[in-house]
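Before any comments, here is the structure.
The values are calculated or read from the model by the stated rules, or taken from the named source; none is laboratory data. Worth saying up front: this structure is predicted, and the values here are computed from it rather than measured. Don't worry about glycine lacking a Cβ; one is built from the backbone with ideal geometry, like all the others, and counts go over all protein chains shown. Quick note on the areas: whole protein, heavy atoms, side chains included, nothing else; ligands and nucleic acids left out. Shrake-Rupley method; radii C 1.70, N 1.55, O 1.52, S 1.80 Å.
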Amino acid sequence: MLNAKIPEGPLQDKWRHYRSTAKLVSSANRNKLQVIVVGTGLAGSSLAASLGEMGYRVTCLCFQDSARRAHSVAAQGGVNACKNYKNDGDTVFRMFYDTIKGGDFRSREANVYRLAECSANLIDQAVAQGVPFAREYSGYLSNRSFGGVQVSRTFYARGQTGQQLLLGAYQALMRQVAAGSVSLLPRHEMLDLVVIDGKARGIIVRNMDSGALERHGGHAVVLATGGFGKIYYLSTLAMGCNGSAIWRAHKRGAFFANPSWTQIHPTCLPQSGDYQSKLTLMSESLRNDGRIWVPKGREDHRSPNEIPEPDRDYYLERRYPAFGNLSPRDISSRAAKERIDAGYGVGPLKNAVYLDFSRAIREQGKPKIEEKYGNLFRMYQKITGVDAYQQPMRISPAAHFSMGGLWVDYELMTTIPGLYALGEANFADHGANRLGANSLLQACVDGYFIAPATIPNYLANEIKTGPIPIDHPAFAESEAAVRERLQVLVNIQGKSPADHFHKTLGAVLYDKCGLSRSQGGLKDAIGKIHSLRDQFYNDLLIPGGIDLNSELEKAGRVADYLELGELMCYDALTRNESCGAHFREEYQTPDGEALRNDRDFAFTSAWEWAGIDKEPILHREPLDFEVVTPTVRSYK
Amino acid sequence: MRIQLKIWRQQNRSKSGQLVNYDLPDVNPDMSFLEMLDTLNERLVRQRERPVEFDHDCREGICGQCGMMINGRAHGPLSNTTTCQLHMRAFRDGDTIYVEPFRATAFPVKCDLKVDRSAFDRIIQAGGYTSASTGGAPEANSIPIAHDVAEAAFDAAACIGCGACVATCKNSSAALFTAAKITHLALLPQGKIEGRQRVRRMVRQMDSEGFGHCSNTEACQVECPQQISVLHIARMNWEYNRSLAM
Ligand SMILES: Cc1cc2nc3c(=O)[nH]c(=O)nc-3n(C[C@H](O)[C@H](O)[C@H](O)COP(=O)(O)OP(=O)(O)OC[C@H]3O[C@@H](n4cnc5c(N)ncnc54)[C@H](O)[C@@H]3O)c2cc1C
Ligand code: SF4
Ligand code: FES
């Protein structure tokens, strides 16, 4: 029943073929059509701006106080694009292959190929907007290599690539706001999807400043609401990142794909106390010169500089001699967890490993290291108070990116007609593990190039629909349900703040549905989440009412996480193999490497909501590899 | 460490506000300033009191959403640092800390420490973009840009839109914010084409939002977390005068 609508024909012709045959809406009809875009990150801003430029009427919202603050702003490293400026043999096919392999052969060939195909145009678009990418002295654009691929295809803007790309998209968006084609609603949170006769027709949102509920109707609704890694509480995401919009859509019928596949990034700052609310990412580029180690002895209380070479275990170099400290993210994170769990962790909470620059400083000199990483060393010192030129950094893995998300077809449409999901909110391109610098790309390509071509194919049949009536009973029903849910939360008046439940849930997920999973652990987690949900509805405490109230905002998000977390565990439990970020302890080689099972598990899991306290229903989208042959991903 | 807080509490735009005292007997110096406020809020919630509302999101110094006056300084005692990157080790045991919202006519207080900075969005809306619609862009390397020009444009483009420059300025001027965007685009060939209209429109919008005039005290660049230089203001003025002359 799942139809991915992949166009016929050879891989390299599919997208061109699609665009040549998709339906169009004539420019005279576009202003009769309203599109709602939830989210102003790279995916949402770029789509809303592009649709506005084409002449559609767009409503666009975000929960931050300005569109420019969406969490895309925090991406540091860079954005991949296949330009072959370095003449190092990069091609669309090579980029496609790297991404499929990096995703451990669990993504759709046609989508990934299109991602690589559209990548070059993104750089052109961003440069035209004035995005100040790094340049060579010749005046031409500069590239670096990123995340273990053999070519240099990463474009970057100092350590602020996401910020600069987002400002480009935000400015394009503001231009459309000024032109009157986009109406922008910051500090508005989507709390439900409205479905009429099986089609997405609008949303219910809450004005977070006044508490008022509003109805917005549209001929199509787009969710570009980013990742939900904040479900783990401690993560590299922003405080407000959430899964609520896609979860509400899921409960209205949109299937949720691969929910448990979360990238846990190896180089983050460790937790220093339980007051902590977020973990800061340190750029992966540090692993180019830093060496990762822990002491060989369990109870070694010496300061790192006093531990002599023979007493150090450079475990990545030991286990993965070919890639060493540059092993991919999933592998590096898992190896760190293995050492920490075995009792070799360092730091006051014994929850970290060392990232040591002493050899690089000795060999290259401090000025060279300062030139490469000066800003990161300063940031480290600001946060921890420690000088990393003198002492190794302490790092630990943290939840970072959701490969899973709403299931979408080739057109980025979910299983609800007229509802689309873009950017990190969908599951489409990264398989079981995302390659560094590919997700800024995906968010941009989805928003600038793909959705503006696929949404009209749907809207072409909506020209005669007329304005969406927001007094329709379906709007009234959704609004009443939202109001009641908020009131229920406020009325509980128990003893514990929302954060308490969020922290507990996060700890359960890290432990049982994080870097390493097992059948017993996952079943245990499902039970724990059930009882945590019961406690939440008995013991939650929100002071104040349903007007401006940040505790209510948090509680609403946690309520959704308590359901989504359970689905993640079901997802991990049914996948009896290890692939990418999903490592099931039962499925490993004798030396502890992931054991993928292509015969039984070469599919995408797409989950259907069955009701609260009911087991979700699994649908499978088979992954047909027509062009590549899945191989074992080895980094030894 | 023990910290006394005096925090501005104001329920909404129309009510008046006041400083309220809070005593935190056990603050960990490794906490960030916002984590210290989180801890206070957790206590307030448990006592069924309304927590202190403040803006924040990324907590890594890049989104520009956090910002408050701490002991009279925008973003607190450290220069060029956002509030979320400030840690309690910057204070001493026994300190009393005054925490107030950014104050400016153009930034009305919404609730406690939250202010409305949408005037900044409207300044960008007035012209802080290139009119490059999706699809029409030429090959990226067809427009070479000298390395130092690109770097200088970046220095200006780095603004995070936090509003500290306005809050710290005795005239509540938005000159640093506006000038940063004007310089970013004026330096690049892509941005030059619309340069003349841009500077006029953005400056007109800035004035109509109720921001004050720049009187060159240079206080803004001391607090600016992105170290945006006041030299950009000089460039904005130059671009503005040139646009009138042309
Ligand atoms: C610290 C960090 C560093 C990263 N570095 C890189 C990198 O170097 N390279 C790379 O390729 N990728 C990187 N990534 C990943 C990449 O940044 C993200 O995947 C990508 O930016 C997501 O863009 P998006 O548009 O999908 O979502 P976001 O930018 O997260 O935007 C989500 C939008 O949805 C809105 N929203 C969410 N929920 C609601 C709701 N319920 N109601 C209303 N609005 C809502 C938000 O307000 C926001 O506007 C990094 C991620 C992090 C966290
Ligand atoms: S110029 Fe500096 S202080 Fe002003 S808004 Fe930009 S980053 Fe903040
Ligand atoms: S919270 Fe984003 S800059 Fe401080």
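Quick check on this structure: which one of B:R117, B:R122 is crowded, with 20+ Cβ neighbours inside 10 Å, within 16 Å of ligand 2 (Cβ to nearest atom) and charged (D, E, K, R)?
It is B:R117.
Per-residue answers, yes or no, for (1) more than 14 Å from ligand 3 (Cβ to nearest atom); (2) open to solvent by 10 Å² or more (accessible area, probe 1.4 Å); (3) basic (K, R); (4) not in a loop (DSSP other than H, G, I, E, B):
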| position | (1), (2), (3), (4) |
| --- | --- |
| B:R43 | yes, yes, yes, yes |
| B:V52 | yes, no, no, no |
| B:H56 | no, yes, no, no |
| B:E60 | no, yes, no, no |
| B:G64 | no, no, no, no |
| B:N80 | no, yes, no, no |
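With open to solvent by 30 Å² or more (accessible area, probe 1.4 Å), away from chain B (no Cβ under 14 Å), in contact (Cβ under 8 Å) with a residue 12 or more places away in the chain and within 22 Å of the chain's Cα centre (by Cα) as the only criterion, which of A:R334, A:R248 stands out?
A:R334
Name every residue in the range A:45-68 that is within 8 Å of another protein chain (Cβ to nearest Cβ), open to solvent by 10 Å² or more (accessible area, probe 1.4 Å) and in contact with a Leu (Cβ under 9 Å, 6 or more places away or on another chain), in order of residue number.
A:R68
Return yes when A:L441 is within 18 Å of the chain's Cα centre (by Cα), without any contact (Cβ under 8 Å) to a residue 60 or more places away in the chain and open to solvent by less than 10 Å² (accessible area, probe 1.4 Å) and no when it is not.
Working: within 18 Å of the chain's Cα centre (by Cα): yes; without any contact (Cβ under 8 Å) to a residue 60 or more places away in the chain: no; open to solvent by less than 10 Å² (accessible area, probe 1.4 Å): yes.
The answer is no for A:L441.
Having 3 or more residues that are touching a residue at least 60 places away in the same chain (Cβ under 8 Å) and open to solvent by 30 Å² or more (accessible area, probe 1.4 Å) is the bar; report the helices (runs of 4 or more DSSP H) wholly within the range B:186-246 that clear it.
Where helices (runs of 4 or more DSSP H) fall fully within the range B:186-246 and carry at least 3 residues being touching a residue at least 60 places away in the same chain (Cβ under 8 Å) and open to solvent by 30 Å² or more (accessible area, probe 1.4 Å), they are B:195-208.
Restricting the search to the range B:213-246, which residues are over 26 Å from B:C63 (Cβ atoms) and touching a Lys or Arg at 6+ places or on another chain (Cβ under 9 Å)?
Across the range B:213-246, the qualifying residues are B:S215, B:T217, B:E239, B:Y240, B:R242, B:S243, B:L244, B:M246.
Identify the residue in the range A:110-121 that is surrounded by 21 or more Cβ atoms within 10 Å (Cβ to Cβ) and of a type outside the set (G, A, S) and, among all such residues, is nearest to A:Q442 (Cα to Cα).
Out of the qualifying residues, it is A:L115.
Please go through the range B:3-19 and pick out each residue that is touching a residue at least 12 places away in the same chain (Cβ under 8 Å) and under 16 Å from B:Y98 (Cβ atoms).
B:I3, B:Q4, B:L5, B:K6, B:I7, B:W8, B:R9, B:Q10, B:G17, B:L19
Filter the range A:118-143 for residues that are hydroxyl-bearing (S, T, Y), more than 8 Å from chain B (Cβ to nearest Cβ) and under 18 Å from B:A137 (Cβ atoms) and give the result.
Here is the first cut: in the range A:118-143, the residues hydroxyl-bearing (S, T, Y) are A:119, A:137-138, A:140, A:142.
Right, trim to more than 8 Å from chain B (Cβ to nearest Cβ) and you get A:119, A:142.
Residue satisfying the conditions is A:S119 alone.
Report whether or not B:R198 is more than 14 Å from ligand 2 (Cβ to nearest atom), within 14 Å of another protein chain (Cβ to nearest Cβ) and over 27 Å from B:I143 (Cβ atoms).
No; evaluated as a whole, the condition is false for this residue.
For every residue, the table says whether it meets (1) more than 8 Å from ligand 2 (Cβ to nearest atom); (2) within 28 Å of the chain's Cα centre (by Cα); (3) more than 12 Å from chain A (Cβ to nearest Cβ).
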| residue | (1), (2), (3) |
| --- | --- |
| B:G135 | yes, no, no |
| B:P138 | yes, no, no |
| B:I143 | yes, no, no |
| B:H147 | yes, yes, no |
| B:E151 | yes, yes, no |
| B:C162 | no, yes, no |
| B:K170 | yes, yes, yes |
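Identify all residues within the range A:208-232 that are more than 12 Å from the chain's Cα centre (by Cα), of a type in the set (G, A, S) and either within 9 Å of ligand 1 (Cβ to nearest atom) or away from every other protein chain (no Cβ under 13 Å) (or both); write none if there are none.
A:A212, A:G217, A:G218, A:A220
Quick one: which residue in A:G345, A:G385 is surrounded by fewer than 23 Cβ atoms within 10 Å (Cβ to Cβ), within 14 Å of chain B (Cβ to nearest Cβ) and without any contact (Cβ under 8 Å) to a residue 60 or more places away in the chain? Talk me through it step by step, then tell me what you get.
On the way: A:G345 fails: within 14 Å of chain B (Cβ to nearest Cβ).
Checking each option against the conditions leaves just A:G385.
Name the residues in the range A:70-82 that are within 16 Å of ligand 2 (Cβ to nearest atom) and open to solvent by less than 10 Å² (accessible area, probe 1.4 Å), would you?
A:V73
Looking at (1) away from chain B (no Cβ under 14 Å); (2) closer than 30 Å to A:E608 by Cα, which one does A:S235 not meet, given that it meets all the others?
(1)
If a residue has to be outside any helix (DSSP H, G or I) and farther than 16 Å from A:E284 by Cβ to count, how many in the range A:332-353 make the cut? I'd like the intermediate steps shown before the answer.
At the first step, the residues of the range A:332-353 found to be outside any helix (DSSP H, G or I) are A:345-353.
Restricting the remaining residues to those that are farther than 16 Å from A:E284 by Cβ gives A:345-352.
The qualifying residues number 8.
If B:Y98 satisfies every condition in (1) of a type outside the set (A, V, I, L, M); (2) in a loop (DSSP other than H, G, I, E, B); (3) open to solvent by 20 Å² or more (accessible area, probe 1.4 Å); (4) more than 16 Å from ligand 3 (Cβ to nearest atom) but one, which is the exception?
B:Y98 satisfies all of (1) of a type outside the set (A, V, I, L, M); (2) in a loop (DSSP other than H, G, I, E, B); (3) open to solvent by 20 Å² or more (accessible area, probe 1.4 Å); (4) more than 16 Å from ligand 3 (Cβ to nearest atom) except (2).
So A:D124 fits all but one of (1) open to solvent by 10 Å² or more (accessible area, probe 1.4 Å); (2) within 25 Å of B:I193 (Cβ to Cβ); (3) assigned to a loop (DSSP other than H, G, I, E, B); what number is the exception?
Among (1) open to solvent by 10 Å² or more (accessible area, probe 1.4 Å); (2) within 25 Å of B:I193 (Cβ to Cβ); (3) assigned to a loop (DSSP other than H, G, I, E, B), A:D124 violates only (3).
Could you say which residue among B:A104, B:A90 is more than 12 Å from chain A (Cβ to nearest Cβ) and open to solvent by less than 50 Å² (accessible area, probe 1.4 Å)?
Matching residue, one of B:A104, B:A90: B:A104.
For the range B:7-22, check the following and say yes or no: at least one residue is more than 8 Å from every other protein chain (Cβ to nearest Cβ), within 16 Å of ligand 1 (Cβ to nearest atom) and within 23 Å of the chain's Cα centre (by Cα).
From the range B:7-22, those more than 8 Å from every other protein chain (Cβ to nearest Cβ) are B:7-11, B:13-22; that's our starting set.
Right, trim to within 16 Å of ligand 1 (Cβ to nearest atom) and you get none.
No, the range B:7-22 has no match at all.
Looking at (1) surrounded by fewer than 21 Cβ atoms within 10 Å (Cβ to Cβ); (2) outside any helix (DSSP H, G or I), find the lone condition where A:D524 falls short.
(2)
Just one of (1) within 12 Å of another protein chain (Cβ to nearest Cβ); (2) within 21 Å of A:A48 (Cβ to Cβ) trips up A:L115, so point out which.
A:L115 satisfies every listed condition except (1).
Is there any pair linking a residue in the range A:84-102 that is open to solvent by less than 10 Å² (accessible area, probe 1.4 Å) to one that is of a type in the set (F, W, Y), with Cβ under 7 Å and at least six apart or on different chains, and which?
Listed by first residue and then by second, the contacts come to A:F96/A:Y113.
Going by what's in this entry, would A:I307 be described as open to solvent by 30 Å² or more (accessible area, probe 1.4 Å) and modelled with pLDDT of 95 or more?
No; evaluated as a whole, the condition is false for this residue.
Limited to the range B:52-87, what total is found for residues that are within 14 Å of another protein chain (Cβ to nearest Cβ), among the β-branched types (V, I, T), more than 15 Å from B:M31 (Cα to Cα) and more than 16 Å from ligand 1 (Cβ to nearest atom)?
Residues meeting the conditions: 2.
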